1. Using a 10 Å cut-off on Cβ to Cβ distances, tally the other chain neighbours for every residue of A:106-114 and report the average as a whole number.
2. Would you mind checking the range A:5-47 for residues with the amide N under 17 Å from a putative spin-label position 7 Å along Cα→C-beta of residue A:72?
3. List the Cys residues of chain B that have no partner Cys with a C-beta closer than 4.7 Å.
4. Please report, to one decimal in angstroms, the Kirkwood hydrodynamic radius of chain A built from all distinct Cα-Cα pairs.
5. Among the trypsin sites (Lys or Arg not before Pro) within the range A:34-79, which fall in a DSSP loop and have no more than 11 other Cβ atoms within 10 Å of their own Cβ?
6. Pairs A:73/A:107; A:38/B:55; A:73/A:112; A:70/A:112; A:38/B:64: which are spaced more than 24 Å apart, C-alpha to C-alpha?
7. How large is the convex hull of the C-alpha atoms of chain B per residue, in Å³?
8. How far apart, in nm, are two points set 7 Å out from the Cα along the Cα-to-Cβ line at residue B:45 and at residue A:81?
Amino acid sequence: AQKITQTQPGMFVQEKEAVTLDCTYDTSDQSYGLFWYKQPSSGEMIFLIYQGSYDEQNATEGRYSLNFQKARKSANLVISASQLGDSAMYFCAMREGNPRSGGSNYKLTFGKGTLLTVNP
Amino acid sequence: GAVVSQHPSWVICKSGTSVKIECRSLDFQATTMFWYRQFPKQSLMLMATSNEGSKATYEQGVEKDKFLINHASLTLSTLTVTSAHPEDSSFYICSATGTASLTFGSGTRLTVV
């Protein structure tokens with residue numbers, strides 16, 4: 001079974017509008033973390049936002065926010081005021097276990113990604 | 001912030017030769033490094049986890065004799081693709097963690113001809 005599911009292979013959004021990228025996850029761990037990364041065509045992985053399983057508030061970083069619904073095991077990324085430079089591949093990823101227990105707990109499992117295209 | 005330098009950024013090699021990819025943490029000590037492989041238009045798949053001074057732990061289906069990983073110091077890990085074949089052509093990317101964060105390298109695009 002997939003641990004991270006991104007059901008949208010591709011998404012289109014008009015410049016300046018908001019867009020939500022979906023991510024659901026599956027884990028039996030109580031301690032876990034959810035990440036979103038942006039990967040432009042150059043290939044680098046750009047960290048966007050992180051949500052820990054014990055964080056009560058939804059994470060926000062500038063135009064990025066994470067809609068964390070623990071009971072539904074979903075961690076959707078919301079990008080507000082889309083810009084042309086937001087066009088890229090977006091990956092949701094999860095680490096399981098407590099990273100304070102060791103670096104190996106930063107092992108990430110990635111979803112298949114969503115290709116976002118921002119139209120002018 | 002934490003920086004991980006990965007070299008080379010791209011490499012073309014002949015089938016049957018070996019290629020070494022380096023991943024360096026520039027401003028922190030990386031106790032654990034991860035190596036991922038990404039085929040075109042696909043996700044990142046973890047190949048192995050390496051802890052400084054010990055043998056790497058490979059994911060199921062990854063040939064440890066083909067993908068040699070060395071993590072001899074707290075700032076350097078290397079991935080050597082031995083006897084490369086065209087099917088090994090892929091994007092390889094490392095990530096490193098020290099204490100409380102995870103940083104990715106910029107990736108290496110390997111083409112085997």
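1. Values: counts 13, 9, 7, 4, 7, 2, 4, 5, 0.
The per-residue average across the peptide is 6.
2. A:5-8, A:19-27
3. Result for chain B is B:13, no neighbouring Cys Cβ within the cutoff.
4. One over the average 1/r among Cα pairs gives 14.5 Å for chain A.
5. Listed in order of number, the matching sites are A:72.
6. A:38/B:55; A:38/B:64
7. 94 Å³
8. 4.1 nm
Computed from the coordinates by the stated procedures, all read-outs in this text should not be read as laboratory data. The model shown is predicted, which means the values in this text are computed figures rather than measured ones. Virtual Cβ from ideal backbone geometry, glycine too; neighbours counted across all protein chains shown.
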